[in-house]
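Q: If you scroll down you'll find the structure; I have some questions about it.
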Amino acid sequence: MSETVVDKSGWLNLEINGKPVQMPPGSTVMEAAQASKVFIPHFCYHKKLSLVASCRMCLVQVEKLPKPVPACATPVSEGMKVWTRSEAAIAAQQSVMEFLLINHPLDCPICDQGGECQLQDLSVGYGKGYSQFKESKRVVAGKDMGSLVSAAEMSRCIQCTRCVRFTDEIAGKMELGMIWRGDRAEITPFVSETVESEISGNMIDLCPVGALTSKPFRYKARNWELSRRKSVSPHDALGANLIVQLRRNQVVWVKPLENEAINECWLADRDRFSYEALNSESRLTKPLVKKDGALIEADWQEALPLAAARLKNIIERDGSDSLGVLISPHATLEEATLMARLARALDCDNIDYRLRQQDFSHTDKASQVFWLGMPIAEVSQLKAALFIGSFLRHDQPLLAARVRQAAKRGAAISSLHSAPADWLMPMAREKVVSPSQLAQALAALVVAAHRETKAAQSLPAALQDVTPTEEDMALVRSLLNAPEKAAIFLGSFAQQHEQAALLHTLAQRLADITKAKIGVLPEAANSVGLALAGIQPQKNGLNVKAMLEAPRKAYVLLNAEVPFDVAQGNTARSAMRQADFVLSLSPFKPSAEDVLPDIVLPISPFTETSGTFINMEGRVQSFHGAAPPLDETRPGWQVITALAGLLNQPFAETTPEAVRASSINSAAENATARLSNQIGEALSAMPKKATAVERIAGVSMYHADPLVRRASSLQRTVLAQSPKAAMNAALASRLGLKKSAAVRIRQGKNENAVTAELPWVCDERLPADTVRFDMAHPLTAGFDVCGEFHLEAAS
Amino acid sequence: MSAFLDYGSDAVLMKDLTGDNWRLKDYVARGGYEALKTILKDRIAPEQVLAEIKGSGLRGRGGAGFPTGMKWSFMPAAAPEKYVVCNADEGEPGTFKDRDILRFNPHMVIEGMIIAAYVMGCARGYNYIHGEIWEVYERCEEALDEARAAGFLGQRIMGSDFSFELFNHHGFGAYICGEETGLLESLEGKKGQPRYKPPFPANVGLYGKPTTINNVETFACVSLIIKNGSQWFLGLGKGNAGGTKLFSVSGDVERPGNYELRLGTPFAKLLEMAGGVRGGRKLKAVIPGGSSSPVLPGEIMMATDLDYDSIAKAGSMMGSGAVIVMDETRCMVRCLARLSEFYHEESCGQCTPCREGTGWLAHLMHRIEHGEGRPGDIETLDRVAHNIMGRTICALGDAAAMPVRSFVKHFRDEFVYHIEHHRCQVADHV
């Protein structure tokens, strides 16, 4: 990295402990100390949170001031002289430490925070070995903060309020507060009496004592027993950096690795707690082979040659086109690249990773790759943004946190969506229309932009009949008012929409006219990577939809689970059942009883293999295996390499380094030019409003991928609750649901019929004649997202 | 009622009040709203009014005694949205003067706030009234209605370009909401907790906008200064501190109540007005400025004049002017235990030294008072108080610590007796 030259004119000169330092105006003494590598003890101060100056641990002496001042909240001034270790400063710091400890239980030997506790560490430097406090100590009742954060020992709390400020300022909803006064003050959840945030785990890192600890990790290990490895989160396309912590080769705790450009110092709860799946009962440790309809454990020597032989037979018998390869967008670049290479070596181009996509017209032929359209960090600087069809908080929780910061600084954030959502940030405008009207509503914005800018381009014929409302004009103005700092994002709902290409085309047109940037919010950890690697039909192969609608004789599933990971759950199930042979490469035992693969090969999850993800901003992030593969599981790339050998298509690479190098090389080829959200589709006529009841399907965030589905603590959170069917009162009364608590949903006929009974809830914010129930959950995964379905009151 | 309405012959704020003549017409008959009329009719520039206030030597009556004119001049002229707030959250033990002013002369405060708003360019003001004096809140509501109806509040007051809206807001009785930034938090609908300063309210105040907060009595003085001139007001006081001051006398006196005196009047005179020490007993100690000011032994107090500098020289503070008189039958240990319990109860819990320290002090005092004191407790008391002082976000920490240090300093023998004999010296010997 080249050193950036900083213009220091106008900076202030001050001294910390006699050492000169220059700081920009508006900095604090704490920042000046950090800049000059001087440590000032602190508890309530945190660089990402507002200043409260309440713990008083950072009191320092400043020349000409009669009293010690808190370094965190004292602005620097020209000629200031600060002493952090003078007699007066140390006396103040020691007295604060004494006060902090008088009511603290000092139960370090049985405290989970022991060994990584800020209070413990600082008490060594500033506390005394004995206490003059001879009164009885305060006792505070434990609190329920849900299944992730343990607040059982609130007597340890030192009221720094970092957790309170976090929920309010970063997570967007003040779920905690400090009630009562004085030394009776307690931190407590109070809104819904528990903590529901999707990024709540960060409170555990923020808590400087053992008051808030990890519930799943509680009493599992001591900090000094753990080894630490860097890794990358395999969930959303942010690619949050992780420190995976292991005890005896088992992942027992995950913490953020600070990376200001990506996850800052945060993690989403699924980044942090999904490791529980790695150690769960559902891990597959030996190959499985189907015998008489049941999957029986086998060894590699049996399973692998059998898999190769059956693939070979089918290809020889029915041709290579009879094979279909479905690759999870959570797969590593190496696994996917090798799997695609093997399929193509066998002359099969039916390869796809776009498992939840429905409209491929704009992505099938294109060599370009959709991405965020800007560096992640730039999102925090936006002044205006429009999100089209995005479940932002659930799809990219930490990107939502960045947008929230922008919104708090006054950015105008708007949403156009079919599902009403609680954004937990000030929203400029929210427009909710039914899925079939989404394109029409977006077209109205395009027309509004034409009018507002008096654009030179004439209005395309397809948009002649579209009339924008005053609201539309206002939304467009908010984008126009933020030149260079406006962006339009296509969320997962827009990408998975049946008219995804049309929506993208309209969004691009809106971006062109308003000069906003256009970004796509990729669905999964490696969506961008697999797109760059060309893990989709390159010649005349079938995309995922075609592969399932015209069933193949054989399927290979890489880390993908049917029906959970596909949009067409029903079609996929039926295709798998018809197939002669289904080979699954997965770290987990199959969970859908009715679509059991014929052979399952246990491959390593992300912690047990080296791998590479390319995130939404196109950043290549490689990681090493943090732990050795469990039992007989093997890294995916090794399994595919072995399979290729047995099919007489050996690969040149034999080491993980070589596999990584060749995968990255091919993906990175011309990558900068290929990362583009510009598509050349012509505008087609606007679709008509659907006549039947339409479904709105999000991906339930704790069911989105195989790992989170098996993370037991995440599964106990409020956000993981089983799906409900939401609709407005008019539809409910039309369906006669008044007397029934549940609604029965049916799809398909005969052996392909699928039904579910879901409790229904009334949501008046939903568009008329729509029902929302999310996909990927065991109750709903069996449905095709698109396609007819029938609703009736459950008896 | 008349006994309580005898504020003394020096009274100017509380002059001629009968308890029933608080309405607008009565106030106008006493010359009320004339100052405002003069300013608006004669188009006296805000700078000129400010100069009068500065010249009058008016100092804040809430406790800190900061020069009012200077405080007003801190408000940024250019800011488009500014607030003026009256601190009527009178919670200091021993203080009950603002209640009388608002009850018997509410329009004087309203007029003062209007003039202040005019000087500082505020379009909105709030009067934050202590939660436990509901009757006063209701009276202030009536007074505001009268002032609005008479055109002293609202748009284009008396045909001028100046518009000002004023609202009453009642708290819920937390002592900490009398701290100006705690008051602002509470006014915004949040938990009353002081803010760290800087930034000061003059830059970042109510809803983040420049705000000036003054005590009830301070605002009450404003119209008199404008009407009678700054020199007249300065002449009422002593040295650079102008005006009269209301003293709330409580404790062991024959006639507890509010007395309005010129600054610089000897304490002995006030004690005499209050009928002397109850039952002719001996004066033991006086807390001259509300519970958070250091206690002074009776003999020192008898030689002290009641003004900012004299009381400071004697080792205490003018504070809010709440004079708590204690005679020889009072156990100082018990008095301090009660005070420490109060600060323990009222600490907001935000910053460490106050949250933990006030509890520690209260526990220690409770033990000593109940004959369970241990050797070393007095030293611990003093050390804990010392460690709270000057290290907290707001002045509540100091307020809790100062009585402790002064009681121990002046009456150490009583504390020693309690610890050594496990009982009270006063009960044993007086």
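Q: Within the range A:512-534, can you find the residues that are surrounded by 24 or more Cβ atoms within 10 Å (Cβ to Cβ) and in a helix (DSSP H, G or I)?
A: Result: A:514, A:527, A:528, A:529, A:530, A:531, A:532.
Q: In the range A:578-685, which helices (runs of 4 or more DSSP H) lie fully inside it and hold 2 or more residues that are buried (at least 22 other Cβ atoms within 10 Å of the Cβ) and of a type in the set (A, V, I, L, M)? Steps first, please.
A: Working: elements: A:636-646, A:656-668, A:671-674.
By residue number, A:636-646, A:656-668.
Q: When residues of the range A:13-40 are filtered for being in a loop (DSSP other than H, G, I, E, B), among the hydrophobic types (A, V, I, L, M, F, W, C) and open to solvent by less than 60 Å² (accessible area, probe 1.4 Å), how many remain? It would help to see each step written out before you state the result.
A: Step one: filter the range A:13-40 for residues in a loop (DSSP other than H, G, I, E, B), giving A:17-18, A:24-27, A:36-40.
Filter again for among the hydrophobic types (A, V, I, L, M, F, W, C), leaving A:38-40.
Those left that are additionally open to solvent by less than 60 Å² (accessible area, probe 1.4 Å): A:38, A:40.
Qualifying residue count for the region: 2.
Q: Looking only at the range B:336-354, which residues are over 19 Å from residue B:194 (Cα atoms) and surrounded by fewer than 24 Cβ atoms within 10 Å (Cβ to Cβ)? Even if it seems obvious, please write down each step before you answer.
A: We begin by selecting, within the range B:336-354, every residue over 19 Å from residue B:194 (Cα atoms); these are B:336-341.
Within the range B:336-354, B:337, B:338, B:341 qualify.
Q: A further question follows. Of these, B:200, B:162, B:172, which one is farther than 20 Å from residue A:53 by Cα and within 13 Å of another protein chain (Cβ to nearest Cβ)?
A: Values: B:200 fails: farther than 20 Å from residue A:53 by Cα; B:162 fails: within 13 Å of another protein chain (Cβ to nearest Cβ).
Of the residues listed, the single one that is farther than 20 Å from residue A:53 by Cα and within 13 Å of another protein chain (Cβ to nearest Cβ) is B:172.
Q: I need a count of the residues in the range A:160-203 that are in a loop (DSSP other than H, G, I, E, B) and within 11 Å of chain B (Cβ to nearest Cβ). I'd like the intermediate steps shown before the answer.
A: Of the residues in the range A:160-203, the ones in a loop (DSSP other than H, G, I, E, B) are A:160-161, A:171-175, A:180-181, A:185, A:190-201.
Adding the requirement that they be within 11 Å of chain B (Cβ to nearest Cβ) leaves A:160-161, A:174, A:180-181, A:185.
Looking only at that region, the number is 6.
Q: Can we say residue B:251 is modelled with pLDDT of 95 or more and surrounded by 24 or more Cβ atoms within 10 Å (Cβ to Cβ)?
A: Values: modelled with pLDDT of 95 or more: yes; surrounded by 24 or more Cβ atoms within 10 Å (Cβ to Cβ): no.
No, not satisfied.
Q: Just checking: which of the strands (runs of 3 or more DSSP E) contained wholly in the range A:41-159 hold 1 or more residues that are open to solvent by 20 Å² or more (accessible area, probe 1.4 Å), within 13 Å of chain B (Cβ to nearest Cβ) and of a type in the set (Lys, Arg)? Working first, answer last.
A: Working: elements: A:59-62, A:81-83, A:143-145, A:149-151.
Those strands (runs of 3 or more DSSP E) do not exist here; none qualify.
Q: I would also like to ask the following. Which residue out of A:381, A:368 is surrounded by fewer than 24 Cβ atoms within 10 Å (Cβ to Cβ) and closer than 17 Å to residue A:531 by Cβ?
A: One residue alone meets the criteria, A:368.
Q: Test of understanding: among B:245, B:227, which residue is under 27 Å from residue B:113 (Cα atoms) and surrounded by 24 or more Cβ atoms within 10 Å (Cβ to Cβ)?
A: B:245
Q: Oh, and also: Taking helices (runs of 4 or more DSSP H) that do not extend beyond the range B:340-430, which have at least 3 residues that are in contact with a Gly (Cβ under 6 Å, 6 or more places away or on another chain)? Please lay out each step first, then the result.
A: Values: elements: B:352-369, B:377-388, B:396-410, B:412-421, B:425-429.
Passing ranges, in order: B:352-369.
Q: Next question. Of all residues being open to solvent by 10 Å² or more (accessible area, probe 1.4 Å) and not basic (Lys, Arg) in the range A:541-556, which is nearest to the chain's Cα centre (by Cα)? Just the residue, please. It would help to see each step written out before you state the result.
A: Applying the first criterion (open to solvent by 10 Å² or more (accessible area, probe 1.4 Å)) to the range A:541-556 yields A:541-543, A:545-546, A:549-553.
If we keep only those that are not basic (Lys, Arg) too, we end up with A:541-543, A:546, A:549-551.
Details: A:541: 31, A:542: 29, A:543: 26, A:546: 29, A:549: 30, A:550: 33, A:551: 32 Å.
Only one residue fits best here, namely A:543.
Q: Continuing with the same structure: Which of the residues belonging to the range B:277-308 are closer than 13 Å to residue B:321 by Cα and either surrounded by fewer than 17 Cβ atoms within 10 Å (Cβ to Cβ) or of a type in the set (Lys, Arg) (or both)?
A: Across the range B:277-308, there are no qualifying residues.
Q: Same structure again: Looking only at residues in the range B:355-373 that are facing another protein chain (nearest Cβ under 10 Å) and open to solvent by less than 10 Å² (accessible area, probe 1.4 Å), which one is farthest from residue A:103 (Cα to Cα)?
A: B:364
Q: Could you check residue B:192 against (1) assigned to a helix (DSSP H, G or I); (2) within 14 Å of chain A (Cβ to nearest Cβ) and say which number it fails?
A: (1)
Q: Another question, if that's okay. List the pairs whose first member sits in the range A:479-500 and is under 15 Å from residue A:681 (Cβ atoms), whose second member is in a strand (DSSP E or B) and open to solvent by less than 10 Å² (accessible area, probe 1.4 Å), and whose Cβ atoms are under 7 Å apart, counting only residues at least 6 apart or on separate chains?
A: Filtered contacts from the range A:479-500: A:490/A:388; A:490/A:520; A:494/A:388; A:495/A:520.
Q: Looking at the range A:571-621 only, could you name the residues that are farther than 23 Å from residue A:522 by Cα and in contact with a Phe, Trp or Tyr (Cβ under 6 Å, 6 or more places away or on another chain)?
A: Residues of the range A:571-621 farther than 23 Å from residue A:522 by Cα: A:571, A:573-585, A:587-604, A:608-609.
Correct list: A:579, A:582, A:598.
Q: Let me spell it out: the conditions are (1) free of Cβ contacts under 8 Å to residues at least 60 places away in the same chain; (2) closer than 28 Å to residue B:150 by Cβ, and residue B:78 meets all of them except one. Which number is the exception?
A: Result: residue B:78 fails condition (2) only.
Q: I'd like the full set of residues that are within 23 Å of residue A:380 (Cα to Cα), open to solvent by less than 10 Å² (accessible area, probe 1.4 Å), in contact (Cβ under 8 Å) with a residue 60 or more places away in the chain and of a type in the set (A, V, I, L, M), limited to the range A:235-272.
A: Listed by number, the residues that qualify are A:237, A:238, A:240, A:262, A:267, A:268.
Q: Given the structure, is residue B:165 of a type in the set (D, E, K, R) and either closer than 16 Å to residue B:129 by Cβ or free of Cβ contacts under 8 Å to residues at least 40 places away in the same chain (or both)? Explain how you work it out, then say what you get.
A: Details: of a type in the set (D, E, K, R): yes; either closer than 16 Å to residue B:129 by Cβ or free of Cβ contacts under 8 Å to residues at least 40 places away in the same chain (or both): no.
No, not satisfied.
Q: Taking the condition surrounded by fewer than 24 Cβ atoms within 10 Å (Cβ to Cβ), part of a loop (DSSP other than H, G, I, E, B) and touching a strand residue (DSSP E or B) at 6+ places or on another chain (Cβ under 6 Å), does residue A:482 pass? Write out each step before concluding.
A: On the way: surrounded by fewer than 24 Cβ atoms within 10 Å (Cβ to Cβ): yes; part of a loop (DSSP other than H, G, I, E, B): yes; touching a strand residue (DSSP E or B) at 6+ places or on another chain (Cβ under 6 Å): yes.
So residue A:482 passes the test.
Q: A further question follows. Note down all Cβ pairs under 8 Å where the first residue falls in the range A:160-171 and is within 14 Å of residue A:188 (Cβ to Cβ), the second is open to solvent by less than 10 Å² (accessible area, probe 1.4 Å) and in a loop (DSSP other than H, G, I, E, B), and they're at least six residues apart or on different chains.
A: Pairs found: A:161/A:44; A:161/A:54; A:163/A:212; A:167/A:175; A:167/A:200.
Q: Does the range A:756-763 contain any residue that is more than 30 Å from residue A:578 (Cβ to Cβ) and small (Gly, Ala, Ser)?
A: Just the residues of the range A:756-763 that are more than 30 Å from residue A:578 (Cβ to Cβ), to begin with: A:759-763.
Next cut, small (Gly, Ala, Ser) only: none.
Looking through the range A:756-763, none of the residues is more than 30 Å from residue A:578 (Cβ to Cβ) and small (Gly, Ala, Ser).
Q: Same structure, new question: Among the residues of the range A:445-454, count how many are in contact with a helix residue (DSSP H, G or I) (Cβ under 8 Å, 6 or more places away or on another chain) and open to solvent by 30 Å² or more (accessible area, probe 1.4 Å). Break it down into steps so the answer makes sense when it comes.
A: So the first thing to find is which residues in the range A:445-454 are in contact with a helix residue (DSSP H, G or I) (Cβ under 8 Å, 6 or more places away or on another chain), and the list is A:445-453.
Applying the additional criterion that residues be open to solvent by 30 Å² or more (accessible area, probe 1.4 Å) yields A:451-453.
Total satisfying the criteria: 3.
Q: Going through A:500, A:572, A:487, A:525 one at a time, which residue ends up being under 26 Å from residue A:316 (Cα atoms) and small (Gly, Ala, Ser)?
A: On the way: A:500 fails: under 26 Å from residue A:316 (Cα atoms); A:487 fails: under 26 Å from residue A:316 (Cα atoms); A:525 fails: under 26 Å from residue A:316 (Cα atoms).
When all the criteria are applied, what remains is A:572.
Q: Quick one: which residue in A:290, A:286, A:312 is closer than 20 Å to residue A:587 by Cα, open to solvent by 10 Å² or more (accessible area, probe 1.4 Å) and not in a strand (DSSP E or B)? Please lay out each step first, then the result.
A: On the way: A:290 fails: not in a strand (DSSP E or B); A:312 fails: closer than 20 Å to residue A:587 by Cα.
Residue meeting the stated conditions: A:286.
Q: Could you pull out the residue among B:324, B:311 that is buried (at least 21 other Cβ atoms within 10 Å of the Cβ), β-branched (Val, Ile, Thr) and without any contact (Cβ under 8 Å) to a residue 24 or more places away in the chain?
A: Details: B:324 fails: without any contact (Cβ under 8 Å) to a residue 24 or more places away in the chain.
The unique qualifying residue is B:311.
The values are calculated or read from the model by the stated rules, or taken from the named source; none is laboratory data. These figures come from a predicted structure and were not determined experimentally. Every residue, glycine as well, gets a Cβ built from its backbone with ideal geometry; the counts of neighbours run over all protein chains shown. Just so you know, the surface numbers come from the protein's heavy atoms only, side chains and all, with ligands and any DNA or RNA stripped out. Shrake-Rupley method; radii C 1.70, N 1.55, O 1.52, S 1.80 Å.
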